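What follows is calculated from the coordinates using simple rules that are stated; it is not laboratory data. From a predicted model like this one, the values you see are computed outputs, not experimental measurements. Cβ atoms come from the backbone with ideal geometry, glycine included; neighbour counts cover every protein chain shown.
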Amino acid sequence: MRIAQVAPLYESVPPKHYGGTERVVSYLTEELVREGHEVTLFASGDSVTTARLVAACRQALRLDKDCVDRLAHHILLLENVFRHADDFDVIHFHVDYLHFPFSRRRPIVDVTTMHGRLDIPDLVPLYKEFRDMPLVSISNAQREPLPWVNWQATVYHGLPQGLYRYRPEPGKYFAFLGRISPEKRVDRAIEIAKQTGIPLKIAAKVDPVDQDYFETAVEPLLHEPLVEYVSEIGEGEKDEFLGNAYALLFPIDWPEPFGLAMIEAMACGTPIIAYRQGSIPEVMEEGRTGFIVNELEDAIAVARRIPELSRKRCREMYEQRFTAARMARDYLRVYERLIERHKQRAA
């Protein structure tokens, strides 16, 4: 099958540091190539892939200090994709809704994975207008604000086999991984560490939009003796960071669409303490791969129960549900169904 993967340009594929969407695009692209498909990746020029790379810009836009208008690069990206649209059996977009007007005006087979939150009122009229666009959700919870759009499937993220090493012995610190922003609630993680006496290591990036929040609300909390802020880390560092942890803290305060850090932790054998928001009950197995809580007091209480959980079960759950091979198979089924539908309409 001739498949195009269209990635956002904010990070390389895979990203050098943080970047959930681009990381998933990389895992999917490499697995499709491994299975023998002819894959073209439209991404930033510093991306690394076994697929054919079509560079839409010189480097990831977040790392390009000379980039002022990021949208301009994405418009050029889409122009290039649609210039070559007839070369592909299916085009898989990961750039939200930017391509919708282009797709509507070309008889192509395409699908879009929605990677972000959808509970934003501004999105309702847009998706009503483009309700014919075929979409894939990354959790069933993600769909809830827009249940009436053209959903094709829910495809959970997956990680390559061998990317993370299973560690049967628990570590002695909590891990917090991802972004420092109001909805990720690192302040809750710090409070859990304080209340339990268990050290906390924070590996997280700070986007420019969250810099004021970091300086005013978070930075003063980092002086706690139990808290270590190790800043942003890349793929090569996460295996040790997560694998040597006692548990991953995921104390979110927003409708999480998926939560890639959770399956990364499970792949290492590390259990999770997460707040009941969005996709959490779909991804976690309550009482087996971690604990789902509603309040700070609940999180503090279950922290002492982490030794009751089987790290082997965490790894098994990853192997059963969250591998890149399973993710690729799920997407291939979506591609095949859309291609067949397109042929029937053209007949």
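Brief remarks on what is shown
- Failed item in (1) surrounded by fewer than 21 Cβ atoms within 10 Å (Cβ to Cβ); (2) not in a loop (DSSP other than H, G, I, E, B), with Glu264 passing the rest: (1)
- Filtered by the rule that a residue be within 20 Å of Lys172 (Cβ to Cβ), hydrophobic (A, V, I, L, M, F, W, C) and outside any loop (DSSP other than H, G, I, E, B), the range 275-312 gives Phe291, Ala299, Ile300, Ala301, Val302, Ala303, Ile306.
- Residue identified as under 24 Å from the mean Cα position of the chain (by Cα) and hydrophobic (A, V, I, L, M, F, W, C) among Ala203, Ala193: Ala203
- So Asp86, is it outside any loop (DSSP other than H, G, I, E, B) and among the charged types (D, E, K, R): yes
- The set of residues in the range 31-72 being surrounded by fewer than 19 Cβ atoms within 10 Å (Cβ to Cβ), in contact with a Ser or Thr (Cβ under 9 Å, 6 or more places away or on another chain) and among the small types (Gly, Ala, Ser) consists of Gly45, Ala55.
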